[in-house]
1. Would you work out which of 114, 92, 134 lies farthest towards the positive end of the dipole of segment 84-175? Charges go on Cβ: Lys and Arg +1, Asp and Glu -1.
2. Quick one: in segment 84-175, what % of C-alpha pairs are over 23 Å apart?
3. Roughly what angle does helix 84-98 make with the longest principal axis of the chain, taking Cα atoms, 0 to 90 degrees, to the nearest 10?
4. Under a Cβ-only charge scheme (Lys and Arg +1, Asp and Glu -1), can you give me the dipole magnitude of the chain about the Cα centre, in debye to the nearest 20?
5. Which residue, 20, 124, 56, has the largest displacement toward the positive end of the dipole of the chain when charges sit on each Cβ (Lys, Arg +1; Asp, Glu -1)?
6. Where the only charges are on Cβ atoms (+1 Lys, Arg; -1 Asp, Glu), what is the dipole of segment 1-77 about its Cα centre, to the nearest 20 debye?
7. If you look at just the Cα atoms of the chain, how large are its Rg and its Dmax in Å?
8. In degrees from 0 to 90, rounded to the nearest 10, what is the angle of the helix 130-140 Cα long axis to the longest principal axis of the chain?
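Nothing in this text is a laboratory measurement; each read-out follows from the coordinates by a stated rule. Here the structure is a predicted model, which is why all the values come from computation and not from measurement. With ideal geometry, Cβ positions are generated from the backbone for all residues, glycine too; neighbour counts draw on all protein chains shown.
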Amino acid sequence: MRPLASEHRRLLVIGAAAFIVFFYLLVVLMPLSARGRELSSERESLNGAIERAQMMYEAAQGALDDVAALREEIDSLIFPEGNVPVNMVRRLERLAADAGLTITSIRPERPEMIDGAVRHPATFKLEADFSDLVLLMFALERPGRRLWVEGVEISAGRQARGRLQATFYVAAYAESEEGEVEDGQA
């Protein structure tokens with residue numbers, strides 16, 4: 001065998017080096033590059049999922065805060081537990097007495113279900129000056145009283161001395177409990 005000329009050796013070394021580089025690119029770098037793209041895509045997908053989860057968590061926290069605020073609002077509108085008609089009559093008599101008025105008649109009416117709550121209506125009558133009636137209306141509807149004036153009829157009193165006769169239609173709402181009133185029936 002003849003020794004290879006130095007030019008041929010150089011070409012052989014360059015060819016071998018090129019083959020090694022090509023083999024390295026083909027077998028090592030290309031699969032790593034593809035795997036890197038897969039991992040990058042997976043990372044972006046996971047980052048998106050994390051962002052969505054964080055938004056959902058924040059929305060859930062906001063919803064819980066909204067539910068708590070609505071619960072407080074409902075509690076401020078619903079009559080406290082107990083015998084609602086009796087407590088409502090007592091509160092009406094106390095408010096009238098505080099205004100210096102006397103209720104001449106009071107009639108609790110049949111409770112009825114309305115949107116998951118029980119409405120307890122009542123009608124009461126009294127005679128008073130117009131300004132006293134207005135003050136009583138404001139006192140009835142003050143926040144925290146949990147009484148709702150649904151209507152008022154005012155007419156001339158029995159005695160013509162400037163007094164008026166008023167009929168108030170009020171209601172109190174209570175939370176519905178099983179066995180209480182169902183669909184407007186008592």
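1. Most positive-ward Cα: 92.
2. 21 percent
3. With both axes taken from Cα atoms, the answer is about 60 degrees.
4. The calculation lands at about 1060 debye.
5. 20
6. Dipole magnitude for segment 1-77 comes out near 1480 debye.
7. Rg, Dmax (Cα atoms, Å): 41.5, 145.
8. 40 degrees
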